[in-house]
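The values are calculated or read from the model by the stated rules, or taken from the named source; none is laboratory data. All figures in this text were calculated on a predicted structure; none of them were measured in a lab. Every residue, glycine as well, gets a Cβ built from its backbone with ideal geometry; the counts of neighbours run over all protein chains shown. We work out accessible area using only protein heavy atoms, side chains counted, and drop any ligands, DNA or RNA first. Shrake-Rupley method; radii C 1.70, N 1.55, O 1.52, S 1.80 Å.
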4 protein chains.
Amino acid sequence: MAKTVAFLGLGHMGAPMATNLIKAGFKVNGFDPVTELLNAAAAKGIGKCSSPQEAVNNADFVVSMLPNGAAVECLYIDTDKLLDDISYKSLIIDCSTISAASSKRLIHDAKIKGLHAIEAPVSGGVSGAEKGSLSFICGGASSDVDKAKEVLEPMSSNIFYAGSAGAGQTAKICNNMLLAIHMIGTAEALQLGADNGLDTKVLTDIISKSSGCNWSVQNYNPYPGVMPEAPASNNYAGGFMVKLMCKDLGLAQETASQSKSYTPLGSLARNLYGILNLRGGSDLDFSSIQKLFQEAD
Amino acid sequence: MAKTVAFLGLGHMGAPMATNLIKAGFKVNGFDPVTELLNAAAAKGIGKCSSPQEAVNNADFVVSMLPNGAAVECLYIDTDKLLDDISYKSLIIDCSTISAASSKRLIHDAKIKGLHAIEAPVSGGVSGAEKGSLSFICGGASSDVDKAKEVLEPMSSNIFYAGSAGAGQTAKICNNMLLAIHMIGTAEALQLGADNGLDTKVLTDIISKSSGCNWSVQNYNPYPGVMPEAPASNNYAGGFMVKLMCKDLGLAQETASQSKSYTPLGSLARNLYGILNLRGGSDLDFSSIQKLFQEAD
Amino acid sequence: MAKTVAFLGLGHMGAPMATNLIKAGFKVNGFDPVTELLNAAAAKGIGKCSSPQEAVNNADFVVSMLPNGAAVECLYIDTDKLLDDISYKSLIIDCSTISAASSKRLIHDAKIKGLHAIEAPVSGGVSGAEKGSLSFICGGASSDVDKAKEVLEPMSSNIFYAGSAGAGQTAKICNNMLLAIHMIGTAEALQLGADNGLDTKVLTDIISKSSGCNWSVQNYNPYPGVMPEAPASNNYAGGFMVKLMCKDLGLAQETASQSKSYTPLGSLARNLYGILNLRGGSDLDFSSIQKLFQEAD
Amino acid sequence: MAKTVAFLGLGHMGAPMATNLIKAGFKVNGFDPVTELLNAAAAKGIGKCSSPQEAVNNADFVVSMLPNGAAVECLYIDTDKLLDDISYKSLIIDCSTISAASSKRLIHDAKIKGLHAIEAPVSGGVSGAEKGSLSFICGGASSDVDKAKEVLEPMSSNIFYAGSAGAGQTAKICNNMLLAIHMIGTAEALQLGADNGLDTKVLTDIISKSSGCNWSVQNYNPYPGVMPEAPASNNYAGGFMVKLMCKDLGLAQETASQSKSYTPLGSLARNLYGILNLRGGSDLDFSSIQKLFQEAD
């Protein structure tokens, strides 16, 4: 008999993730406070529940995909107090990107109530969610992460185990902070080259084969025209939006402030993305940081 | 009959480069104002000349490897005026890392006198010079660069053509600026992880397979112990010294200032490497930027 | 008859502040969990209480001076639950520098219990505490701040009213962030001048009469020898320690992250002070940032 | 009999400066390659010369006010070779803001030809030029600077002597770099306060009386509405334009690069002003950096 998954949060990410679970043979009971999202999910075979309590009833897995830590803490602990309604047999898998502190609180409070919870923030964006090619960066007890693989695999191409509670969130924001840094650095280097008469395709080719090489220059080039399929060559539409990068860089800075760590480039990256966000770039792909270094049209 | 190369500048880089030309069958006439370097080179089969004028006499190629732009301009134009002594049949290949402006001046002044010159700054360091595995990033007339390959190939594993005069220098400093940026960013991310309890080997593994991936984290990891063979695991000895990275980042900022380009991360990278350079890290490998983010011993 | 003040926290700041209240004619009942501090305070006429509960009993004013927000929240709300023991006639004045969020929580929870509380973080350091020349930057109900003046005046030369709960904390960290920025900027400018052969006294004089003028260059010059009485001319001893500036800059960054404000120079200032803090400067005066721009001895 | 001044460069700054010399009783012979500027100056009593050579003929003082170092070097040395035409009795006063290197070259080359030259870059902008209230920051032989006072005084309210050749230029860019830093810092602090609900007038008042005080917050407040007469309250019109601040910050970075000085906040200031310059703020007053931290309209 099919195992049951409660899926909480059916937005841009959650809906296609849940759909991939349906395809893999799970029975999925979904909930989202936005009626339109709930109806759209129902159209894809996801069970329509009228409350999170209804959704988690008797579930083998409870998967959540929410926009921020406050939403996660309200749902499970402070407002809906869902931890009181989840069955002992359920494994809770929170896929939201939230602070390590919030995530530790969820996993800790679940444990106190005799429940099992892990964190599994993702990278790969909407397109990864649709294709079932997300990366999950998991934290929590390793035995729980092992059990979660059954439900994570249909949604992913990579499952990482970062360590105990909070480690998955921390690893994700370390990765994304570094992504922001080499994306901005790549944009600066390509512009410096272009302003001095270099062909940015030639420069991309040289850097890609040299010590400057990084994921941004090689796979997601921010200079328009260098890679026809990249957002840069499509007016920076789609992809990973500037406002979402701002959220992750804010989490990185809060983490750094609490652990008394110093990240001068990471801090500057947050501020540059913040300026772009304020000055009209909020919904563009994050490679649009290139525009900050070019004359306005 | 063997072709003749005049090799000017027989320091840490120049001496092993010239030695590889000897091995490849060239006749090499060398000059360096430091007698010890000249004698050491002679012991490896390099002809010992008492002046740069003697060295360039009747050479097929004139290769120079000097510490900075002032040295190059003094040698060829302002003091030694060597352009007046070089034969029309010679091809000048300047391998020094200098400003695009200095390099353009050399190539332009050579042309006015009916000579041919290209720039071919290298990456790969002393070890690349010894192994004959340097990358040359060439600028100048493409026909001249093609002719230079005969002499560059025995010293290299990669020969890039960046564009006209100055383009090779610009491409190199764009690459090295980006290298500095992702090295610092990698050090920040690994320290942020470590300060929050992550295992830096696990974090390196996750980032290397994710969007944060870059040459530094993958090939030259700055956190001690992650890669046994990296300078970081050997007290940051050897490799590419902080003071040399400072030189390249200074060139990048001068270029940016002249072309009115803006490189906030590149500028901050220069300043962070500068602080490390002033505070005792001058002769360490450049991955020692990691120390800036850790408590002093 | 003398009014009574409960004084909680008798460290470097609290002890001399309480002593000034004694001098002004108040009866002061003190508490500190560190016995040595309690005894030292008693020697100056401060009543020795064995618990915070004993200290606040029947007090007209409750003044607290604690190291961080966690300490304040534990004392009043979460652990000692002191709000349950404070009389309705008491006015609570928290002088600790903590986040606006923590401060709002205290003032809000006090109000719910029918009590009155304000925040009154200070600037002026240990020397200001001893001389009774602190600045208080107050937040809360203006009528409460007016009532607090009776007890603040003997300790201060300036009492500012910034606005409602949290505004005092925010104004203080805005001021201190700006102080850090112009201190670092002053150190950079003086070093740039010195490195180019200028006399730093002459440069200080020019800047002080020009548009670069700021409190640091004029009153607290970071270059050794320019002002004989400044910490810079006394090996950076005394004054406002680097580790305390780091704390304030961390609060500024947390505030900025929560309000989605962008402060690129403030963020960089936090990181530069953090590097100095890690690399041996923790207990020096904050003007020692000058050392970061000079060769190590 | 009136002394004669040759005035070279009659733009926004030069024309009103020359006019003040006329008012002070000097005979002024002017030259500018732009005919309109020459005619406008003639209308104010400035003698109209058809070449710089004609202007300097028999002058007691030669004053130049040009846009950059290349213009100064072309005029005096490389193209017009004006040093060959200037009388031994003349004192050359170059008021242009240029690199210390260019300025040293002019003063040095003049000396070799038996002439006397000083640098006297100004601050105070167009309004200071009109009112005769500029500050001159002089470098060169002190006896020459003393002689120059006769002609500088009618144009100024402050004459500083910074030291030997180049010192005046260096002191000016140190001052202006620091001005940029505290202007940006002030904008960040005021925005952080405003985003957290503070009244920016109240915050300005608190900071102006505290350790955060600086020339920008007190005399040239960048937040609209705080000071009715400041450019910020007049749509950032007039004043000291962003593009001119960019020029000065570029000179500061070139100087820092050459002297191997490190100025992390100064470098970031250059980049932030550069972004504003590229993104539409070029002709606004430099206090418009405030806009970078606010949502676009």
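For segment D:132-144, give me each residue that is surrounded by fewer than 24 Cβ atoms within 10 Å (Cβ to Cβ) and more than 13 Å from chain C (Cβ to nearest Cβ). Those that are surrounded by fewer than 24 Cβ atoms within 10 Å (Cβ to Cβ) and more than 13 Å from chain C (Cβ to nearest Cβ): D:132, D:141, D:143, D:144. Among the residues in segment A:74-86, are any surrounded by 22 or more Cβ atoms within 10 Å (Cβ to Cβ), under 23 Å from residue A:163 (Cα atoms) and of a type in the set (A, V, I, L, M)? Taking every residue of segment A:74-86 in turn, none turns out to be surrounded by 22 or more Cβ atoms within 10 Å (Cβ to Cβ), under 23 Å from residue A:163 (Cα atoms) and of a type in the set (A, V, I, L, M). I'd like the residue in segment D:276-289 that is without any contact (Cβ under 8 Å) to a residue 60 or more places away in the chain and in contact with a Gly (Cβ under 9 Å, 6 or more places away or on another chain) and, out of all such residues, is nearest to residue D:180 (Cα to Cα). Looking at the filtered set, the residue picked out is D:285. Of the residues making up segment A:87-106, those that are within 17 Å of residue A:163 (Cα to Cα) and either out of contact with any strand residue (DSSP E or B) (no Cβ under 7 Å at 6 or more places or on another chain) or open to solvent by 20 Å² or more (accessible area, probe 1.4 Å) (or both) number 8.
Assess whether residue C:32 counts as being in the same structural domain as residue C:106 (by TED's automatic domain parsing), more than 18 Å from residue C:132 (Cα to Cα) and open to solvent by 30 Å² or more (accessible area, probe 1.4 Å). It is false that residue C:32 is in the same structural domain as residue C:106 (by TED's automatic domain parsing), more than 18 Å from residue C:132 (Cα to Cα) and open to solvent by 30 Å² or more (accessible area, probe 1.4 Å). Taken as a whole, the structure leaves residue D:227 outside the set of residues that are under 27 Å from the mean Cα position of the chain (by Cα), closer than 25 Å to residue D:66 by Cα, more than 7 Å from every other protein chain (Cβ to nearest Cβ) and modelled with pLDDT of 95 or more. Taking the conditions (1) open to solvent by less than 10 Å² (accessible area, probe 1.4 Å); (2) more than 19 Å from residue C:205 (Cβ to Cβ) in turn, residue D:113 satisfies each one other than (1). Note on segment D:56-71: among residues that are in a helix (DSSP H, G or I) and over 19 Å from residue D:148 (Cα atoms), the one that is most open to solvent (accessible area, probe 1.4 Å) is D:70. Scanning segment B:66-101 for residues that are without any contact (Cβ under 8 Å) to a residue 40 or more places away in the chain and polar (S, T, N, Q) gives B:79, B:87.
Of all residues in segment D:85-99, none satisfies being assigned to a helix (DSSP H, G or I) and of a type in the set (A, V, I, L, M).
Considering only residues in segment A:147-166 that are open to solvent by less than 10 Å² (accessible area, probe 1.4 Å) and in a helix (DSSP H, G or I), the one that is nearest to residue B:197 (Cα to Cα) turns out to be A:148.
Identify all residues within segment C:187-236 that are farther than 27 Å from residue D:125 by Cα and among the aliphatic types (A, V, I, L, M); write none if there are none. The answer is C:226, C:227, C:230, C:232. Considering segment C:37-47, and only residues there that are closer than 20 Å to residue C:1 by Cα and surrounded by 15 or more Cβ atoms within 10 Å (Cβ to Cβ), the residue that is nearest to the chain's Cα centre (by Cα) turns out to be C:46. Of all residues in segment A:271-283, those that are within 7 Å of another protein chain (Cβ to nearest Cβ) and closer than 20 Å to residue D:184 by Cβ total 6. Residues that are modelled with pLDDT of 95 or more and either more than 13 Å from chain D (Cβ to nearest Cβ) or surrounded by fewer than 22 Cβ atoms within 10 Å (Cβ to Cβ) (or both) within segment B:284-297 comprise B:284, B:285, B:286, B:287, B:288, B:289, B:290, B:291, B:293, B:294, listed in sequence order.
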